[in-house]
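Notes to accompany the following structure.
Throughout, read-outs are computed from the coordinates displayed, never taken from laboratory work. Since the structure is predicted, the reported quantities are computational estimates derived from the model, not experimental observations. Positions of Cβ are generated from backbone atoms using ideal geometry, with glycine treated the same way; all protein chains shown enter the neighbour counts.
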Amino acid sequence: MSRSPDEQVEEPEAEGNVRGGTRWGVVLGILVLPTLVAAGALVLLGLWLFTDDSVSTGVAKAPCKQALAYGGAKVPKGAYDTLCEVRSDSGTRYTASFRMPSDEVGGWLTTTYPGAPEPRDRHCSESVIDRCLDLDPGDIFGVDAAVRLEFRDDGPGWTQVRFSASSV
């Protein structure tokens, strides 16, 4: 069918359903909402990953030299896998964990705490601890902290040491 040049073409009305008309507002709403939710989730994940956990727990990493000095000790020679923290909520508490050669533990204890009793192998509170030693503030000259040492044999020739010193 051909149209004559004199015929007028009727324009469809702006209102009503027009065949082939896309409602872009609805499509845009459907696409934008999941995108905003995903972007928000990524922002929250980033904040969670990059926030300092020590702010809420009161625990912070500390230099091992400082942590052990609080209890009158020094980092033993040959120690590795050192991890030291400080907690200062109701009082100050330093903790340290490290591995050292088993045959050097006795010498380190004698040098660090002369006159201290030998570590005991009973009543150490955990079954995985092989030996432990508790020292009161009066037991250590010039130190106002209670000290607890826990020793666990960690393979042939190695000992895992857990140290804690806290104000009383």
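Here is how the numbers come out for the structure above:
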| item | result |
| --- | --- |
| Protection-proxy order for peptides 23-31, 60-68, 116-124, each taking the mean of Cβ atoms within 10 Å per residue, highest first | 60-68, 116-124, 23-31 |
| Amide hydrogen neighbours beyond the local backbone of Ala62, cut-off 5 Å, H modeled | Cys84, Glu85, Val86 |
| Amide proton proximity set for Thr159, modelled H, under 5 Å, gap of 5+ | Met100, Ser102, Asp154 |
| Environment charge of Cys84, counting only residues whose C-beta is closer than 9 Å and scoring Lys/Arg +1, Asp/Glu -1 | +1 |
| Table column - 3J(HN,Hα) (Hz), the stretch 86-101, Karplus curve with 6.51, -1.76, 1.60, x for Gly and Pro | 10, 10, 9, 9, 8, x, 8, 9, 9, 10, 9, 9, 7, 10, 8, x |
| In order through the stretch 61-70: 3J(HN,Hα) via Karplus (6.51 cos²θ - 1.76 cosθ + 1.60), integer Hz, x for Gly, Pro | 5, 9, x, 4, 4, 5, 4, 6, 5, 4 |
| Neighbourhood charge, 15 Å Cβ-Cβ cut-off, centred on Gly106 and excluding it, Lys, Arg +1 and Asp, Glu -1 | -3 |
| Karplus (6.51, -1.76, 1.60) ³J(HN,Hα), θ = phi - 60°, over the stretch 121-134, in Hz, Gly and Pro reported as x | 10, 10, 6, 9, 6, 10, 6, 7, 8, 7, 9, 8, 8, 10 |
| Charge sum, other residues only, whose C-beta stays under 15 Å from Gln66's C-beta, Lys/Arg counted +1 and Asp/Glu -1 | +4 |
